[in-house]
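Scroll down for the structure; my scribbles are underneath it.
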Amino acid sequence: MLGRKVKIQIMKSERFKSGYVSISGKPNVGKSTLLNTILGQKISIVTPKPQTTRNRILGIKTTKDAQIIFIDTPGIHRPKHMLGQLMMKSAKEAVREVDIILLLVEPTEPSQEDIFIIENIINLKKPTFLIINKVDTIKKPYLLPLIEKYNSLFQFTEIIPISALEGDGIDVLLETIVKYLPEGPKYYPDDLITDQLERFMVSEIIREKIMQSTEEEVPYSVATEVVDWQEREDGTIFIKTNIYVEREGQKGIIIGKGGEKLKAIGIKARVEIERLLDTKVFLELWVKLKKDWRSNEKMLKRLGFK
């Protein structure tokens with residue numbers, strides 16, 4: 001009996017699967033929400049505004065039989081400036097490198113943006129899943145015609161309806177992904193869920209709160225950079241962050257009358273940062289003008305865009 005148990009363990013180890021999976025789709029379809037739901041923890045910021053995600057975010061889901069390394073990509077779109085071009089480059093590179101592509105769409109007729117994305121992945125010859133998100137917002141009879149419409153555009157490997165926000169269909173999605181993953185090693189430790197550094201996550205939390213607190217062009221003209229990080233003897237952390245905007249008027253919008261809006265942004269961000277770092281945080285925010293930084297190559301490199 002003992003020998004039989006050892007044999008079963010060896011067989012399971014030999015069948016361990018691992019690989020990379022991109023979460024692709026047009027802006028604001030729920031890619032970051034899906035990743036956060038899968039991991040059971042927020043590692044990618046979420047707002048109702050399109051093009052919230054600017055960088056490739058790595059999320060790692062490890063089970064006893066598999067390790068799935070998800071890449072949350074910027075939304076695929078037609079860029080209007082150098083930042084958009086770099087975001088598109090990042091998204092396209094991620095799709096080329098992975099083992100499986102998840103194309104996330106909304107439960108509506110395929111848009112020109114959806115078709116544009118399908119045209120970009122059609123020749124990659126990788127397992128490609130159509131993930132219809134937000135199915136909790138439509139009636140079931142509408143789902144089958146929608147699936148048929150997408151199938152007429154591309155022969156998807158699998159089609160899975162989900163609700164990333166509600167968590168519906170996530171277990172089925174994960175089980176299906178594992179079926180298509182190759183056998184492979186465990187690339188990351190069991191307890192690691194992302195490769196993102198704390199400084200980057202802090203700057204993203206601050207940017208999220210700004211995006212949630214502002215309207216029109218302001219959210220897209222903002223960049224955040226942690227410029228000072230001091231861990232003090234009592235365990236508290238002092239963090240100084242620059243908030244860059246492209247227009248003088250945008251400074252006033254973020255700061256608000258008497259500095260009230262900036263103060264509110266700081267309070268919301270600090271609460272979440274303290275939860276992330278599990279310690280008391282002193283947060284200092286400075287709003288600075290960097291004209292047309294989204295088309296400034298030197299500034300983009302400084303902010304980590306390549």
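What follows is calculated from the coordinates using simple rules that are stated; it is not laboratory data. Quantities reported herein were computed from a predicted structural model and do not represent experimental measurements. Neighbour counts are summed over all protein chains in view; Cβ atoms, including those assigned to glycine, are modelled from backbone coordinates with ideal geometry.
Shape class for the range 125-226, computed from the alpha carbon gyration tensor (a ≥ b ≥ c): oblate, with a/c not under 1.5 and a/b at or below b/c.
Were the residues from Q212 through S295 laid out at 0.36 nm apart, the gain over their Cα-Cα distance would be 27.5 nm.
Remark: for residue pairs K61/K240; K261/K290; K134/K298, the C-alpha separation exceeds 29 Å in K61/K240; K134/K298. To the nearest 10 degrees, how steeply does helix 143-153 sit against the main Cα axis of the chain, on a 0 to 90 scale? Roughly 90 degrees, rounded to the nearest 10.
Around the amide H of A66, modelled in the peptide plane, lie the amide H atoms of K17, all under 5 Å away and 5 or more residues distant in sequence or on another chain. Taking Cα centre as origin and charging only the Cβ of basic (Lys, Arg, +1) and acidic (Asp, Glu, -1) residues, the dipole magnitude of the chain rounds to 440 debye. Placing +1 on the Cβ of every Lys and Arg and -1 on the Cβ of every Asp and Glu, with no other charges, gives the range 198-302 a dipole of roughly 320 debye about its Cα centre.
For the chain, DSSP calls about 35 percent of its internal beta bridges antiparallel.
3J(HN,Hα) along the range 188-204: 10, x, 4, 8, 8, 10, 7, 9, 6, 6, 4, 4, 5, 5, 5, 4, 5 Hz, from the Karplus curve 6.51 cos²θ - 1.76 cosθ + 1.60 with θ = phi - 60°, whole Hz, x for Gly and Pro. Helix 260-277 and the longest principal axis of the Cα set of the chain meet at an angle near 40°.
Taking other C-beta atoms within 10 angstrom as a stand-in for reagent exposure, M82, M87 fall in the order M82, M87, fewest first. Shape class for the range 221-306: oblate, because the ratio a/c of the largest to smallest gyration tensor axis (alpha-carbon atoms, square roots of eigenvalues) is 1.5 or more and b/c is at least a/b.
The GNM of the chain, with springs linking C-alpha atoms under 10 angstrom apart, assigns the highest mean-square fluctuation among V105, V202, V227 to V227. Which net charge results when you count Lys and Arg as +1 and Asp and Glu as -1 among the other residues whose beta-carbon is under 15 Å from that of T157? Once positives and negatives cancel, what remains is 0. Taking every C-alpha pair closer than 8 Å and separated by at least 6 residues, the mean separation divided by the residue count of the range 149-306 gives a relative contact order of 19 percent. Taking the fewest neighbouring Cβ atoms within 10 Å as the starting point, the ordered list for L103, L83, L143, L303 is L143, L303, L83, L103.
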